[in-house]
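Novice: I have a structure I would like to understand better, so I am pasting it below and will then ask my questions one at a time.
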Amino acid sequence: MSKQNAVHTNTKSMCTDQTVHALLNRYQDNELDSGPRERVHAHLQTCKACREELSQLERITLAVKELRSIEPAPSFNALLMDRIKQKQKAKSRWFAIRPVMSSMAYSLIFLLFLGLGLLINGFFVPSGQSNHEDLAFTQLLDESQQLSLLQVQDQTFDLLGDFNRQNGSGH
Amino acid sequence: MTEKDQIISDDDIVKSVRDGRIQHFEVLVNRYRNRIVNFIHKMIFDYDEAHSLAQDVFVKVYESMGTYQSQNNFQAFIFTIAKNLTLNHIKKQKRFQWFSGTKESNGQEEKYFQTGGTQELDIEKQQQEMLLNEGLRQLKENQRIALILKVYLEFSYKKIADITGWSEPKIETLISRAKSSLKGFIQSQEQPGSSVKSKQKMQENTGSRVLRMRST
């Protein structure tokens, strides 16, 4: 008996076929097809370790199966159907006011977007200044900046011209 | 449930309820009530909470009927909802216990045994059942779910896969580990040295209801 194939189930006996041993649970759960089932059945005729293990599995299974079942309370159905009918009524009420609620919701959304649009376009200016004045001021600023740049450019050219004349006359 | 109710399929009843006949929903309730209540009960070990959660399951099923695609798989549909609500409940309980600094309260076994007077057991069987329940409580939730669905409700691996979304090899592994853990737990409790401890522990947990009966 090779140690590789042996599976220890307890200190006294060992299974000789690890492959079949692994099928014991499925065998006990009645989840094997006929071929593997017959193979396990045949193995059990010769393997004491597997028979003992199967016996233990069956004891546990039987104990769980025999756990006492409880009877639902007599009022179970009545309470449940009452709850369901209440839910059904609440649902009907909701469907009745739903069109009104939907209209109100859509109106609110429309108003919100309208307000945002007006705000972006400057119809609501917190400081009190009109939009047109701001625009004129900005344009003036741009123009003055451009003017300053041109002046600097002219001055630079004049300086360069002077510099060249002085250097040219120097030579 | 009348004979006529048994002939009509789950899908037909769902269609009827969707068409506005709410009263037909009760046929589905009658078909699944016992199994749903017991499934939840074996998961959370509390009679009252199991009832409350089972009601939530059916309400959720009713509300979700629009999403059910008729493929003769209503059983998987309802048990999926039951599984999800049960797991949510267990998580909430754990969070509550963590925040409040309490463990499972005393009298848990009292709540478990409120069976309404059915199936009375002798003292020894009661103790065995309490031991088994304690072992089930030790399992991870997924192992417990797989074990209860397979062994207690006798679903196939394929059906469990439809309910949980797990692969069949995973289900097999979970069940195998669950049985192995249960076996180990029970064996450790049944050893001579530990039986005294387990009785003492059970006395603390149950308020010695069972042991008082034994001593008289």
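Novice: Taking segment A:16-88, how much of its Cα-Cα pair set, in percent, is spaced more than 21 angstrom apart?
Specialist: Tail fraction, whole percent: 50.
Novice: Please go through the residue pairs B:K42/B:K83; B:K140/B:K179; A:K85/B:K91; B:K92/B:K158 and name each one whose alpha carbons sit more than 19 Å apart in this structure.
Specialist: A:K85/B:K91; B:K92/B:K158, as the Cα separations exceed 19 Å there.
Novice: Residues with beta-carbon under 15 Å from that of B:Q69, excluding B:Q69: net charge, scoring Lys, Arg +1 and Asp, Glu -1?
Specialist: -2
Novice: Can you list the residues of segment A:81-104 that have at least 30 square angstrom less accessible area with all protein chains present than in their chain by itself, probe 1.4 Å?
Specialist: Buried by 30 Å² or more upon assembly, which counts only protein chains, are A:M81, A:R83, A:I84, A:K87, A:Q88.
Novice: Charges on Cβ only, +1 for Lys and Arg, -1 for Asp and Glu, centred on the Cα centroid of segment B:28-95; of B:Y47, B:A76, B:Y32, which one is farthest towards the dipole's positive end?
Specialist: Selected residue: B:A76.
Novice: Additional query: How many nm is it between the label spots at A:E66 and A:D82, if each spot is 7 Å from the Cα in line with the beta carbon?
Specialist: Taking the simple label geometry, A:E66 and A:D82 are separated by 3.9 nm.
Novice: Taking a probe of 1.4 Å and counting only protein heavy atoms, give the total accessible area buried between chains A and B in Å², rounded to the nearest 100.
Specialist: 4000
Novice: Just give the residues from segment B:130-147 buried by at least 20 square angstrom of accessible area in the all-chains context relative to the isolated chain, probe 1.4 Å, and say none if nothing qualifies.
Specialist: Listed in order, they are B:L132.
Novice: Something else: Using R₀ = 45 Å, calculate the FRET efficiency as 1/(1 + (r/R₀)^6) where r is the Cβ-Cβ separation of A:S107 and B:Q97; round to 0.05.
Specialist: 0.35
Novice: 7 Å from Cα along Cα→Cβ at both B:M65 and A:A42: what's the point-to-point distance in nm?
Specialist: Calculated label separation equals 5.4 nm.
Novice: At 7 Å along the Cα-to-beta-carbon direction for both B:D11 and A:S75, put a label point, then send me their distance in nm to one decimal.
Specialist: So the label points at B:D11 and A:S75 sit 3.9 nm apart.
Novice: Would you pull out the residues with amide H under 5 Å of A:C15's amide H, same chain only if 5 or more places away, H placed 1.01 Å from N?
Specialist: A:V7, A:T9
Novice: Provide the packing ranking of A:113-122, A:34-43, i.e. peptides ordered by the mean count of other C-beta atoms within 10 Å per residue, highest first.
Specialist: The densest-packed peptide leads the list: A:34-43, A:113-122.
Novice: HN-Hα J couplings of segment B:159-174 from phi, Karplus 6.51/-1.76/1.60, θ = phi - 60°, integer Hz, Gly and Pro as x?
Specialist: Result, ordered by residue: 5, 4, 4, 5, 6, 9, x, 7, 7, 5, x, 5, 4, 4, 5, 4 Hz.
Novice: Here's something else I'd like to know. Using a 1.4 Å probe on protein heavy atoms, which residues of segment B:152-183 have at least 40 Å² less accessible area in the complex than alone?
Specialist: B:Y152, B:Y157, B:E172, B:K179, B:K183
The values are calculated or read from the model by the stated rules, or taken from the named source; none is laboratory data. Because the structure is predicted, anything quoted here is derived from the model rather than measured. Glycine also receives a Cβ, built like all others from the backbone with ideal geometry; neighbour counts cover every protein chain displayed. Accessible surface areas use protein heavy atoms only, side chains included; no ligands, DNA or RNA. Shrake-Rupley method; radii C 1.70, N 1.55, O 1.52, S 1.80 Å.
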